[in-house]
Amino acid sequence: MEYILKNGIVYDPINEINGEKKDVMFKDGKIVNSVSDDAKVIDVTDKLVMPAGIDVHCHLAGPKLCVGRLYRPEDERRGVKPKTDITRPETGFSIPNCPATGYRFSKMGYGTVVEAAVPPLEAKHTHEEIIAIPNIDIPPLTLFGNNWFILQFAKEGRIEDIAAFVSAWLKITKGYGVKIVNPCGSEAWGWGMNVHGIDDPAPYWDVTAREVIRALAQANEMLGLPHSIHIHPNDLGHPGNFPTTVNTIDCMKDIKKNSEYRNQTIHLTHAQFHCYDGTSWRDVTSGVEPVADYINKHDHVTMDMGQVTLDETTTMTADGPMEYDLYELTGLKWANKDIELETASGLVPFIYSGRNPVHSLQWAIGLELALMIEDPWKVCLTTDSPNAGPFIRYPRVMSWLMSYQRRAEMMDNKEVHAWAGRKSALGTLDREYDFYDIATITRAGPSKIYGFEDRGHLGAGAIADIAVYDLEPNNFDPTRNAAEVEKAFSNALYTIKDGQILVKDGEIVKVVSSKHVRTEVEGFEDEEKRILEEIMPFFNRYYTVKFENYVVHDHYAEPSSVYKVNASK
Amino acid sequence: MAYEPPVTDYDKIVENCTCAFCGSNCDDVDILVKDNHVVGVRHACRLGASKIMEDEDQRLTVPMIRDENGELVEVDWDTALDKAAELIAGAVRPVFYGWSETSIEAMKPGLELTELVGAVIDNQATICHGPTVQAVQNVGYPLMTLGEVKNRADMVVYTGSNPMNAHPRHLARYTTFPKGFFRKRGRFDRTLVTWDPKYSDTAKLSDIWVPFEENGDYAFCNAIRAVLKGKELKQDVISGIPKEDIVALTEKMKNTQFGALFFGLGLTHTLSKQRNIDIAIQLVQDLNKYTKWVLLPMRGHFNVNGFNIFMSYEMGFPYGVDFSRGYPRYMIGETTTIDLLNRKECDVFMVIAADPGAHFPGGALAHLADIPVIQIDIHWGPSTELADVVLPGTFIGVETAGTSYRMDSVPIFMKKAIDPPETCREDEWIVNELLKRVTKLKEASK
Amino acid sequence: MTYIEKPSISNVVKFEDPDVAQVKKLTVMLNTGTDIYQGACKKRGSTLKDEYRKVAGVCYMDPKDMARLGVGNWDSVLVKSDWGEVVCYAAHSRDAPHEGMIFIPKGPWANVVVSPETYCCSDPTYKGIHATVEKTDKEVLLMADLMRYVYKKYVKEGDKTEELPSLGEMPIYKRKVRSQ
Ligand code: SF4
Ligand SMILES: [Zn+2]
Ligand SMILES: [Zn+2]
């Protein structure tokens, strides 16, 4: 089937198209340069056209989500929608059921959403949920930062063996890339402890976060994986944590990247939670400046925001000790889920409020980051959904980034507490994102960062993932109309996925299966085999499942989209 | 047990099968096969082996329908499926109950069918760990996978459960006896504690047995919490346990490196129901101020947790989900099976991979005598005595592969060892057929 | 710690225990739950058989209580509660002592006497039921007979269930005549 999307105003930063009136053509699910006369015409004259959105960091499928849903029926009861002829019933606000997750992303014009934390032992669960989520492609990141084998090898400096292990485990878990969460800290949580800073060793293993991060990054580059290491640093959410954040990025600066497409060797996730100055919640202030300054001066790092949206939500992370701290702080129901030999995790509901000084400051810090980092290619829009807010708020975050007026208004009329203005520089930042910048931080940048050469842009050969919004960039001022920006980005005029129209006029018109997007390294098989043989006795002794039953079988990951990587050694 | 000579006459061994019995989901079971028959089982406990080495006399092998004399009559698959589909399509308030002894793969079409006809879907959690789920929703859920306990725990507490009877390899494989990474001497590196009014088989193995009184669980946990918070106990004896002993035990629990609390239906089935679990969970949360503690409910069937997980990710609610309004509703006491039967609301009851005849109170079963019952199962059981349509399924983990979730939510792919009997059909196939046929009937009546 | 001390259980029921007064009827607390033998039988699928009746149709009692009632192992007892009455075998509990408490493994026999009341909590009341136990000379029914006797789903009007022939220990259904 051939289509021509006619006369839209196109923003496609990878191809340096900045608001040109242009046709976009696609055929059999791919973007093409020309189509025949038979092509079906979709008239989008003067409407805003972008590649479909890519979310670089979200928690949407897997065991943590499921604990959340199971123990928060109060959240599920928000956002209930009956079935229609096309869609299944929806439930949930911050932790929607799987069908709702797919529909809601699709309605916002998103086509690819990264699941940010997969414990290998329960990877099957993640893939089962991906099967249940419709309409988006999902690359899962596999957790490595507290894995016992990695801790041991990092201690011994066995980089090639780590590379072999990572390569094998990406296949075993059907994962896309390397995720690190509170390295050494989540292992310490196995004993109810934590580590502080990147040089505080894990109990027993006697290895530091610095060693683990560097080792995994070197292995990542040895394999030449499409994505860099993806890190949630130590000390999340602690006042005074910004030096840990800077040290984490800085300890990477001599590591050479091994990828044509991406620029970074480290992706810093939900940076908002890692940019606090001060010593306690009483004297906390923004620590954005030193972090933004570092990022502005160095090109080996990219980040995403982790923007607080001021909603009642559900926090969930593999950072087990952090969640316990949060429980002590709020007294709200605490869930925890430690995974043998691999990681920890925890959950606590959280009620962010604009009346609360700390939450308001957090809100300001996220925006400050996005506005103080000069190069939008280094920034991605996230809310670490659902941690700082549910993903359905992305359009609202866009509206804040696009309008200084709106931000000032929120601070002036007390939609946020005075701390937002007093303890951060947000009030002084009059930078405003334009549509090109928004397309950069939600499409083009993520594509580069993840090595998704086939998506995030509208060049010939790319998959036809396209979003059209009901805004006319030439007749519309986003700096003055925040509410309309939010509304338009929440309800795409069209969402096209692999050349199929899934959303029209803000409604789901078609439901398709999501693809499991994963990486497979080729040319490292011998090393993988060797390392598997070496660790198998240990595996059999200390895991409680048989290796044979641990592996994610192919049928859990259908349909798949596989990025093959040639290990260039 | 009498000595049984080892089985030597077999064609092949299928290794690392998963036992489809209790929530321990032991995945190290070897099945010995001869001529497509199971002739022996290795590594499974008595319970697991008994299921795998089933009694073939009572295997449901053919579809059946009751005739006007109330006798079951063998029919072909089409007739049986059409009859079942007709009942379901014509129902006003159907309930689809069970699912805990089948695979996730079979649940998928089951949920589709539920959405299609606006039924209530529910599983065995409704009569076992339902209160646990409610408690978790009240206060939280600090848990772990079983390997954490194996590798780290130096104190293991069982309460309201008797694993030596209900989960026989739980202690041996996961918690007490195995040599863990940080517990190289296995049993000798751990303190095993049982809180149970009865001197159960598990208590007999324990280092410490705390026989609190019947229904004394709440007060006992409360007392430990009080001591933890530095409060003076005002009574000399609480729930039958002397105050000094409570204080001493609390000290011990505080001074472990890694403690794990496992609880069973003994807690959920006494009068305070979910409140007992509330306080046990809070106790574990309090202990984390001092040292590492985790807990886990001892789930009974091998996929009872799987159903709750499956429903949570598909529809946001764990069990007792009512689709009669086109969207899922979950109201404990309202949309849950026993309550629906007690109120005589349900008009067609489908049971799959469960045996309400053996597990529901007579007061609830009485209603099943008044309405049509469809049974999908592998054995003739008490429920068959109340069933009007019987559809013979296959044995997950032996004859059919599929996914299950262990009590600690670790997903396990259960492989198959032999082919199912020719006349039986996989649960997934049966439910899919029902879905197709009901869809047709619904469309025809539009 | 004192609570570590474990009791020793006597293995015989002493009918002539001088401390024990004979009674006709005991008032007890009934608990139900899993038991390894019942579980094994159930999952094996041998529920029609005598072996299931022998593991699930059993009322486990404290030996002292058995002495009071004058019943020995495998004698029949009638258990009554507000919800119904059922005949079970009496048997000496492995978990004794627990005077005043009886245990019936979960199954069709226990179901008759437990409470369907969920107190709005989805879960019926399987434990802590007030009940009485008395001696009886009635037979413990096989599973199929019990189900028929209690629920009468397919019993024709006017038929007395007690007088119908036993359904036995094997499945009963009409097989299709297979044409060769
Ligand atoms: S403990 Fe449970 S899962 Fe393991 S063999 Fe026994 S019955 Fe099967
Ligand atoms: Zn994180
Ligand atoms: Zn995250």
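If the condition is being under 20 Å from B:Lys292 (Cβ atoms), within 9 Å of another protein chain (Cβ to nearest Cβ) and crowded, with 24+ Cβ neighbours inside 10 Å, then the range B:155-211 contributes B:Tyr174, B:Gly180. Would it be correct to say that A:Glu409 is touching a residue at least 60 places away in the same chain (Cβ under 8 Å), out of contact with any Lys or Arg (no Cβ under 9 Å at 6 or more places or on another chain) and of a type in the set (Asp, Glu)? Criteria not met by A:Glu409. All conditions in (1) facing another protein chain (nearest Cβ under 7 Å); (2) crowded, with 23+ Cβ neighbours inside 10 Å; (3) closer than 24 Å to B:Lys254 by Cβ; (4) β-branched (Val, Ile, Thr) hold for B:Val139, with the sole exception of (2). May I ask you to list the residues in the range A:295-305 that are surrounded by 19 or more Cβ atoms within 10 Å (Cβ to Cβ) and either within 16 Å of ligand 3 (Cβ to nearest atom) or free of Cβ contacts under 8 Å to residues at least 60 places away in the same chain (or both)? Selection gives A:His300, A:Thr302, A:Met303, A:Asp304, A:Met305.
Applying the set (1) over 23 Å from the mean Cα position of the chain (by Cα); (2) surrounded by 24 or more Cβ atoms within 10 Å (Cβ to Cβ); (3) at pLDDT below 95 to A:Asp319 leaves exactly one unmet item: (1).
Within the range A:460-488, the set of residues being of a type outside the set (A, V, I, L, M) and either touching a helix residue (DSSP H, G or I) at 6+ places or on another chain (Cβ under 7 Å) or buried (at least 21 other Cβ atoms within 10 Å of the Cβ) (or both) comprises A:Asp465, A:Tyr469, A:Asp470, A:Pro473, A:Pro478, A:Thr479, A:Arg480, A:Glu486. Going through (1) surrounded by fewer than 24 Cβ atoms within 10 Å (Cβ to Cβ); (2) at the interface with another protein chain (Cβ under 9 Å from one of its Cβ atoms) one by one, C:Lys43 falls short only on (1). Determine which member of the set A:Tyr352, A:Tyr324 is more than 20 Å from the chain's Cα centre (by Cα) and closer than 30 Å to A:Phe153 by Cα. After ruling out the rest, the residue left standing is A:Tyr324.
Based on this model, can you work out whether B:Glu54 counts as within 16 Å of ligand 1 (Cβ to nearest atom) and of a type in the set (D, E, K, R)? Criteria met by B:Glu54. Taken over the range C:22-36, the criterion of being of a type outside the set (Val, Ile, Thr) and either within 18 Å of B:His269 (Cα to Cα) or touching a helix residue (DSSP H, G or I) at 6+ places or on another chain (Cβ under 7 Å) (or both) is satisfied by C:Gln22, C:Leu26, C:Met29, C:Leu30, C:Asn31, C:Gly33, C:Asp35. With respect to the stated conditions, B:Glu214 is farther than 30 Å from A:Asn540 by Cβ, assigned to a loop (DSSP other than H, G, I, E, B) and either at the interface with another protein chain (Cβ under 8 Å from one of its Cβ atoms) or in contact with a strand residue (DSSP E or B) (Cβ under 7 Å, 6 or more places away or on another chain) (or both). Considering the range A:278-336, and only residues there that are within 14 Å of chain B (Cβ to nearest Cβ) and among the polar types (S, T, N, Q), the residue that is farthest from ligand 2 (Cβ to nearest atom) turns out to be A:Thr330.
Does A:Ser353 satisfy being surrounded by 24 or more Cβ atoms within 10 Å (Cβ to Cβ), more than 19 Å from A:Val485 (Cβ to Cβ) and among the small types (Gly, Ala, Ser)? I'd like the intermediate steps shown before the answer.
Numbers: surrounded by 24 or more Cβ atoms within 10 Å (Cβ to Cβ): no; more than 19 Å from A:Val485 (Cβ to Cβ): yes; among the small types (Gly, Ala, Ser): yes.
No, not satisfied.
Inspect all residues belonging to the range A:306-321 and state whether any of them is farther than 30 Å from A:Ser106 by Cα and in contact (Cβ under 8 Å) with a residue 60 or more places away in the chain. Looking through the range A:306-321, at least one residue is farther than 30 Å from A:Ser106 by Cα and in contact (Cβ under 8 Å) with a residue 60 or more places away in the chain. Is it true that some residue in the range B:296-306 is out of contact with any strand residue (DSSP E or B) (no Cβ under 6 Å at 6 or more places or on another chain), within 14 Å of chain C (Cβ to nearest Cβ) and over 25 Å from B:His167 (Cα atoms)? No - not one qualifying residue is present in the range B:296-306.
Filtering B:Trp99, B:Trp77 for residues that are touching a residue at least 24 places away in the same chain (Cβ under 8 Å), away from chain A (no Cβ under 12 Å), surrounded by fewer than 21 Cβ atoms within 10 Å (Cβ to Cβ) and aromatic (Phe, Trp, Tyr) leaves a single hit, B:Trp77. Within the range A:33-69, the set of residues being within 16 Å of ligand 2 (Cβ to nearest atom), part of a loop (DSSP other than H, G, I, E, B) and under 20 Å from A:Met108 (Cα atoms) comprises A:His59, A:Leu60, A:Ala61. In the range B:278-297, is there at least one residue being over 30 Å from A:Gly192 (Cβ atoms) and polar (S, T, N, Q)? No, the range B:278-297 contains no residue that is over 30 Å from A:Gly192 (Cβ atoms) and polar (S, T, N, Q).
The values are calculated or read from the model by the stated rules, or taken from the named source; none is laboratory data. Bear in mind the structure is a predicted one, so any value in this text is a computation, not a measurement. All Cβ positions, even for glycine, are placed from backbone atoms using ideal geometry, and neighbour counts span all protein chains on display.
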